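S.K.: Have a look at this one before I ask anything.
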Amino acid sequence: MATAVQTVERETYLNNGYGLKSWLLTKDHKRIAILYLISITGMFFVGGFFAMLIRLELLTPAGDLVSSDTYNKLFTMHGISMIFFFLIPSVPAVLGNFCIPLMVGAKDLAFPRLNLATWYIFNIGAAFALVSMIWGGVDTGWTFYTPFSTTYSNTHVVGTALGVFIAGFASIFTGLNFIVTIHRMRAPGMTWTRLPLFCWSNYAASIIMVLGTPVIAITILLVALERLLHIGVFNPALGGDPLLFQHLFWFYSHPAVYIMILPGMGVISEIVTCFARKRVFGYEFVALASIAIAVLGFLVWAHHMFVAGISVYAALVFSLLSYLVAIPSAVKIFNWTATLYKGSIRYDTPMLYAFGFIGLFTIGGLTGVFLASLGVDVHVTDTYFVVAHFHYVMVGGMVLAYMAGLHFWWPKITGKMYPEGWAKLSALFVFVGFNLTFFPQFILGYMGMPRRYHAYPPEFQVLNVLSTAGASVLAVGYVLPMIYFMWSLRYGEDAGPNPWNAVGLEWMTPSPPPTHNFDETPVVTWEAYDYEHQPEQEVPVGH
Amino acid sequence: MATSDIEIAEHALQHHFASMDQQRETATFGMWLFLVTEIMFFGGLFCAYLVYRATYYEAFVEGSQTMNIWLGATNTAVLICSSLTMALGVRCAQTDKRKMMIVLLIITMLFGLAFLGIKAVEYHEHWTNHQFPGSNFQFPEAEAAGVNPQNVQIYFSLYWAMTGLHALHMVIGVALVAWIVIAGARGLYSADYYAPVENVGLYWHFVDLVWIYLFPLLYLISKKHGG
Amino acid sequence: MSSEEHRQHVIPASIYVGIWATLMFFTGLTVFVSFIELHNWNIVLALVIATIKATLVVLFFMHLYYSSKLTKVTVIAAVFFLFLLLALSMTDYLTRGWLTNPMH
C-alpha cells in the first residue's frame, strides 16, 4: 500500500483562511451560510426553551407554574423567536445562501458584502430582542396588537419591536440579493426552465420578502414611535383604529408564512426528485405554483381578522381569496406525489423527512382551508385548532423541510457524512413527537380550549398531557441531530462530491467546494433533474 | 497621471462578475429593487393616511390649514431643481465631464440642504405652536371649526411621521451625494464606470418622488377657508 | 472590446431641462387649482397631477423609459402591490357601514 510522500490539502472554502477575522469579514456566501446556521440554531433553542415552559405549564389545568402575565410573555417570546429569528431566515439564509450561487453556476451572490451585512443586521436585531427578553420580556403576543402594545402594556415592547424591525432588513436584503442573483448571475445555458426548483421557490419567497417586509417594518416602527413619542395613529382615544394596525401587520405577516414555507417546498422538490430518481412531474407547474403562491399570498391577509370587527363584505372577499391560495400548494403536493409514482425510491434520511413533510403539510394545509371558511373560523378562531394548524404547516412542514435540507446538503457543506442510523432514529422521534404534540391540539381547539391561556377546564387535561409528552419526544428529535452533526465534523465519513448521485451544479463541485465554487464557469446543456441520463451508481457511502 | 476610462473600469470590476456590463446591470437592478422596498415602506404610511383622511376629512382639513403652502411649494420646486441637477450630473458622468459632474452634484447637495433648512423652519413653527402629538398637543382652532382636536392629532401624527421619514431619507441622500462627490473628485469614475453615480441618482429622484405626493396630500387638502 | 460598445444611451441635456420645466409648471398648476373649490375633484386632480409629475421623473430622470423590460416590470409590480394594500384595506373601511344588525 503506497503512502503519499506529501499530501497537499485541497483548497476549500473552509480552510481558505483561518481565524475569527477571516470568518467575520468573509464575503464568501458559503461561510456566511454557516454563520447564519449558528445564529438561527441559537435562536431556535431560545424559542424551544419558551415552548418547553409553555408545555410544562399546560400539564395541569390550573395556572400554577407561572402567573398569567408571565405566561403571556412566554408565548409571545416563543412566537417572536421562532417566527422572526428562526423560521423566516432558516432555509433562505442557510441553505439558500449556500446553494443558490452553486445551483446557478455563479461564483457568489450578486452582492457579497451586502450578504455579510445582513448577518450582522440579523444579529443586532436578535440582540435587541434577546436583551428585551432577559430584561423582563414582552407580553403582547408576537402579533403586537394595538392598543395594548402601544398604550397599555408595561413590558419591553419598544426593544423587541426594534429588534424585529432591524432583523426585517436582513430579510429584505437577502431577498433582494437572491432576486438579482437569479436574474443576472446564471451561468451560460442555465435558462429559467433549467433552474432547480429550489431556486424558483427561493425566488418566489424573495419577492415576498422584498414587497412585504417593508410594510411590517413601518408598522412596527409606528408602534415604537407611538410608545416613545406619542406619534400615534393607532390610539383609539384619538380616533385611531386598532384594525388599521392589524391590516398593516397582516399584509406582511400572512405572506410571511409563505416566505417560510416556499423555500422549504423548494427543498422538498430537490429531495423528492433525487430520491425517486425521476424528473419532477410537471416542472413548469411547480415553478409557476411557487410564483402563484407568492402573488396570491398577498391577497388574503384579513382572514386573520374575521372576528376582529372588519366588515362582513370584506370578510367574504378575503375568505374567497383564501380558498384560492390553497390551490397552487395542492398542485405542488400532487406533483410531488406523481413524481414518486413509478420512481426508484431510496429511503435515506432526507427522503424520510420529505415524506413527513408531504403528509403533515397536507394536514396543515387542509386545516387552513377549514379556517378560510367564515363559519368554521368563527367557531375555532383563537382556539388550539389554529395553533395546531399553524404548527402542522410550520413544524410538520417547514422544520421538517429544513431538517431534510440540512441532511441532504450536509455532505456538500462539510464534506462529511452524518451517521445514517442515528439520523433515521431522530427523524422517527421528530415525526412521532410532533404528531403526539400537535394532533391533540386540533381536538382541544375544536372542543373549545382557547389559545394563549395558561389555565383550562379539567376535562382538557388528558389531551394536554399527551401534547406535553409529545413535545418531550420532539425535543429529543431536535437535540440528537445537534449531537451527531457535530460528531460527523470530526468522525464522519468523507462524503465525496456527490454522495446521493444527484443532478445539479452544486453536486459537480468537490465537497466541500472551493471558495470560488467553479474552476471554470460551467456551461449548462442539460435539462433540470435529468435523472434518465444520470448513470445509477452504487452510493459510495456506507450506512 | 491620467488613467484611461478602461483602466478605471477594469479596476472597479469585482471578482464574481464576468464583465463590467454584468456588474453595472446588476448594481442598477439592485438599486431599483431597493427602491421597490422603499415604495412599500412609505406605502404603509400612505395606507394609514388614506384610511384616516377618509374617516376624519374635516379634521384633516383643519390640520392642513396650519401648513404654509408657499414654503411647501418652494420645497417642491427646490427638489425638482435638485433632480434636474442630479440628472445632469449623471449625464456628465456618462460623457466624461468630470469637473462639471462634481459642480452639478455639489449644487444638488445644496438644494437638498435648502430643502432641509426650509423643513426645519416649518418644524420649528409647528413645534412652538404645540402641533406635535402627545400631552402638549394643543389645537384651539378645533372647537370653532367643529372638529375633534384628537382627530386633528392623528393628522399631525401622520404629518410628522411622513415628512420626518422623508427628511431622514433626504439626509441620507445628501450624505450619499457627498460620497460620490469625493469619489468623483478622486477620479474614480469614468464614462465606462459610473454606476455609483447613476444609482445614487436613482435614490435621489425617488426621494423627490415621495415629496411630489406628500406635498398635495398634506398641504393642499382644502383651501375653502381662503389663503 | 472598445469602450464605445458599453456606453449607454445618453439623453440630451435639453430633454432634462424640458422635463424640469414641465414639472415646475405642474407644481404651479397644482397649487393654483387647490385654491378653487372643486369638492371631491380636488383630491382627484391633485393626485392626477402628482402622478403625471411622478411618471415624468421615473421615466426620464430615472431613465426607466430607456431601461430593460425587467426593470419596467419591477417598478410596475411595486406600484401594483402598493395598490393592493390600499385597495384591499379600503374594502373593509368602505363597507363597514353597509350591514346593520337586524336584531337592533
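S.K.: Pop out the Kirkwood hydrodynamic radius of the stretch A:337-491 from its pairwise C-alpha distances, inverse of mean 1/r, in Å to one decimal. Please report the intermediate quantities before stating the final value.
M.R.: Numbers: mean 1/r = 0.0595 Å⁻¹.
16.8 Å is the Kirkwood radius here.
S.K.: In degrees between 0 and 90, to the nearest 10, how far off the longest principal axis of chain B does helix B:195-219 point, with axes built from Cα atoms?
M.R.: 10
S.K.: Pop a pseudo-label 7 angstrom from the Cα along the beta-carbon direction at both A:Val523 and A:Met486 and give the gap in nm to one decimal.
M.R.: Output for this residue pair reads 4.8 nm.
S.K.: Show me the trypsin sites (Lys or Arg not before Pro) within the stretch B:141-227 that DSSP assigns to loop and that have at most 15 other Cβ atoms within 10 Å of their Cβ.
M.R.: Numbers: sites: B:Arg186, B:Lys223, B:Lys224; in loops: B:Arg186, B:Lys223, B:Lys224.
Here the trypsin sites (Lys or Arg not before Pro) that fit, given the DSSP loop and packing criteria, are B:Arg186, B:Lys224.
S.K.: Something else about it: Can you give the net charge of the other residues whose Cβ lies under 14 Å from the Cβ of A:Tyr313, counting K and R as +1 and D and E as -1?
M.R.: Values: positive: C:Arg96; negative: C:Asp92.
It works out to a net charge of 0.
S.K.: Cα-Cα pairs above 24 Å in chain B: how many percent? Kindly include the intermediate steps, with their values, before the conclusion.
M.R.: On the way: 13238 of 25651 pairs.
For chain B, the share of Cα pairs beyond 24 Å comes to 52 percent.
S.K.: So what's the net charge close to B:Gln22: Lys and Arg +1, Asp and Glu -1, counting the other residues with Cβ under 12 Å from its Cβ?
M.R.: Every neighbour counted, the sum reads +2.
S.K.: Equivalent-ellipsoid semi-axes (√(5λ), Cα gyration tensor) for chain A, whole Å, largest first?
M.R.: Numbers: eigenvalues 296, 125, 115 Å².
Value: 38, 25, 24 Å, ordered largest first.
S.K.: Could you compute the FRET efficiency for B:Tyr57 and A:Tyr313, with r as their C-beta to C-beta distance and R0 at 22 Å, rounded to 0.05? Walk me through the intermediate numbers first.
M.R.: Working: r = 22 Å, r/R0 = 1.01.
Efficiency computed from Cβ-Cβ geometry: 0.50.
S.K.: To continue, here is another question. List the lysines whose Cα lies under 19 Å from the Cα of A:Lys416, skipping any in the same chain that are fewer than 8 positions away.
M.R.: A:Lys30, A:Lys424
S.K.: Which residues among the stretch C:51-90 fall inside the zone where the amide N is under 19 Å from a point 7 Å beyond the Cα of B:Ile118, along Cα→Cβ?
M.R.: C:51, C:53-54, C:57
S.K.: Follow-up. With an 8 Å cut-off on Cα pairs and a minimum separation of 6 or more residues, tell me the relative contact order of chain B in percent.
M.R.: Numbers: 220 pairs, mean separation 79.1, N = 227.
Once divided by the residue count of chain B, the mean separation gives 35 percent.
S.K.: Tell me, in nm to one decimal, what length is gained between A:Trp135 and A:Gln534 on full extension, where the rule is 0.36 nm per residue of separation less the Cα-Cα distance? Provide the component values of the computation, followed by the final result.
M.R.: Values: separation 399, 0.36 × 399 = 143.64 nm, distance 5.64 nm.
Gain on stretching A:Trp135 to A:Gln534: 138.0 nm.
S.K.: Three principal axis extents, largest first, for the C-alpha atoms of the stretch A:160-301, in Å?
M.R.: 62, 27, 21
S.K.: Relative contact order of the stretch A:29-531: what whole-number percent is it, with Cα pairs under 8 angstrom and at least 6 residues apart? Could you put the intermediate results ahead of the total?
M.R.: Values: 881 pairs, mean separation 90.5, N = 503.
RCO, the stretch A:29-531: 18 percent.
S.K.: Which pairs break 30 Å Cα to Cα here: A:Lys107/C:Lys53; A:Lys412/C:Lys72; A:Lys342/C:Lys69; A:Lys21/A:Lys107? Walk me through the numbers on the way to the answer.
M.R.: Numbers: A:Lys107/C:Lys53 42 Å; A:Lys412/C:Lys72 38 Å; A:Lys342/C:Lys69 42 Å; A:Lys21/A:Lys107 21 Å.
Flagged as over cut-off: A:Lys107/C:Lys53; A:Lys412/C:Lys72; A:Lys342/C:Lys69.
S.K.: Taking each pair of distinct Cα atoms in the stretch B:167-227 once, what is the resulting Kirkwood hydrodynamic radius in Å?
M.R.: Numbers: mean 1/r = 0.0728 Å⁻¹.
Mean inverse Cα-Cα distance, inverted, gives 13.7 Å.
S.K.: Over the stretch C:3-95, what is the mean sequence separation of C-alpha contacts under 8 Å (at least six apart), divided by residue count, expressed as relative contact order in percent?
M.R.: Value for the stretch C:3-95: 25 percent.
S.K.: Using the Kirkwood formula on the Cα atoms of the stretch C:3-95, what hydrodynamic radius do you get, in angstrom to one decimal? Each step should come with its number before you reach the end.
M.R.: Numbers: mean 1/r = 0.0623 Å⁻¹.
Computed over Cα pairs of the stretch C:3-95, the Kirkwood hydrodynamic radius comes out at 16.0 Å.
S.K.: Under a plain spin-label model, where a point goes 7 Å from the Cα along Cα-to-Cβ, how far apart in nm are A:Leu59 and B:Leu110?
M.R.: 7.5
S.K.: Only helical DSSP H runs with n ≥ 4 go in: add -39500 (n - 2.57) per run for chain B, normalise by residue count and round the 222 nm mean residue ellipticity to 500 deg cm²/dmol. Write down the numbers at each step before the final one.
M.R.: Working: 8 runs with 176 residues, N = 227.
Computed mean residue ellipticity for chain B: -27000 deg cm²/dmol.
S.K.: Say a paramagnetic label sat at a point 7 Å from the Cα of A:Ala338, along Cα to Cβ; which residues of the stretch A:242-280 have their backbone N under 13 Å from it?
M.R.: Those under the cut-off are A:279-280.
S.K.: Calculate the FRET efficiency for A:Asn154 and B:Ser4 from the Cβ-Cβ distance with a Förster distance of 60 Å, rounded to the nearest 0.05. Kindly include the intermediate steps, with their values, before the conclusion.
M.R.: Details: r = 66 Å, r/R0 = 1.09.
Computed FRET efficiency for A:Asn154 and B:Ser4 comes out at 0.35.
S.K.: Once the convex hull of the C-alpha atoms of the stretch A:1-157 is built, how many Å³ does it hold per residue, rounded to a whole number?
M.R.: Working: hull volume 30.4 nm³, N = 157.
So the per-residue hull volume is 194 Å³.
S.K.: Once both axes come from the Cα atoms, what is the angle between helix A:283-296 and the longest principal axis of chain A, in degrees from 0 to 90, rounded to 10?
M.R.: 30
S.K.: Can you pull the one-decimal nm distance between simple spin-label points at B:Leu13 and C:Asn40, each 7 Å off the Cα toward Cβ?
M.R.: Going from the B:Leu13 label point to the C:Asn40 one covers 6.1 nm.
Where a number appears in this text, it was derived from the coordinates with a stated rule and is not lab data. Keep in mind that what you see is a predicted model, and the values were worked out from it rather than measured. Reconstructed Cβ throughout: ideal geometry from the backbone, glycine too, with neighbour counts over all protein chains shown.
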